[in-house]
Amino acid sequence: MSIELDIQQAELLSDWSLTNVVQQMLDDLLQQLQAEQTYVCAVCLVDEATSAEMNNQYRHKQGATNILSFPYEAMPGVETNLLGDLIICAEVVLAEASAQNKTLEQHMSHLLVHGVLHLLGYDHVTDEQAEIMEQLEIATLAKAGFPNPYLQIDH
């Protein structure tokens, strides 16, 4: 049980590189969730204009967002290890990390865990769902040595 990440357009975020820590963290998440296979997930880094366009097209919301997740939906009866796609807006992530006094690695790691959970079917529409998702994120990040991301957000 592990996850293979296919990073596309990494030059948009030259200050951050996928490290063994991030890979191990996502593998630990899958182990915690008792996943029984290796998944493949595409991560595409985009600019603000592309993020805003996709956010409007798929979520009917204006402006760029930090991450969008698109779970892969296999045809009925077809087994696959494709998890889905994560679209990350490099400019938004950099701005959020700075505004929240986080390192880029802290914030990007949190977003990757958050996005992978969405691809696995988790959501945060209700308070109960949000609590489950946040606890999984906090535990996964803590195991990798990152602080609770929800305690650092300035309101």
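Every residue, every condition in (1) part of a strand (DSSP E or B); (2) of a type in the set (S, T, Y); (3) modelled with pLDDT of 95 or more, yes or no:
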| residue | (1), (2), (3) |
| --- | --- |
| M25 | no, no, no |
| L29 | no, no, no |
| C41 | yes, no, no |
| C44 | yes, no, no |
| A52 | no, no, yes |
| N55 | no, no, yes |
| K61 | no, no, yes |
| T65 | no, yes, yes |
| S69 | yes, yes, yes |
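Which of the residues spanning segment 22-49 are surrounded by fewer than 17 Cβ atoms within 10 Å (Cβ to Cβ) and either touching a Cys at 6+ places or on another chain (Cβ under 9 Å) or polar (S, T, N, Q) (or both)?
Q23, Q24, Q31, Q32, Q34, Q37, T38, D47, E48
Got a sec? Which of L5, L86 is among the aliphatic types (A, V, I, L, M), modelled with pLDDT under 85 and not in a helix (DSSP H, G or I)?
Answer to the check: L5.
Counting only residues that are over 19 Å from N66 (Cα atoms) and either surrounded by 13 or more Cβ atoms within 10 Å (Cβ to Cβ) or among the basic types (K, R) (or both), how many does segment 103-141 have?
Residues flagged as over 19 Å from N66 (Cα atoms) and either surrounded by 13 or more Cβ atoms within 10 Å (Cβ to Cβ) or among the basic types (K, R) (or both) within segment 103-141 amount to 4.
Any residue in segment 54-82 that's touching a residue at least 24 places away in the same chain (Cβ under 8 Å) and over 19 Å from Y39 (Cβ atoms): show its pairings with residues that are of a type outside the set (K, R) and not in a helix (DSSP H, G or I) at Cβ separation under 8 Å, as long as the two are six or more apart or on different chains.
Final answer for the pair search is M54/V46; M54/L68; M54/I87; A64/C89; T65/C89; N66/I88; N66/C89.
The values are calculated or read from the model by the stated rules, or taken from the named source; none is laboratory data. No experiment lies behind these values; they were computed from the predicted model shown. Virtual Cβ from ideal backbone geometry, glycine too; neighbours counted across all protein chains shown.
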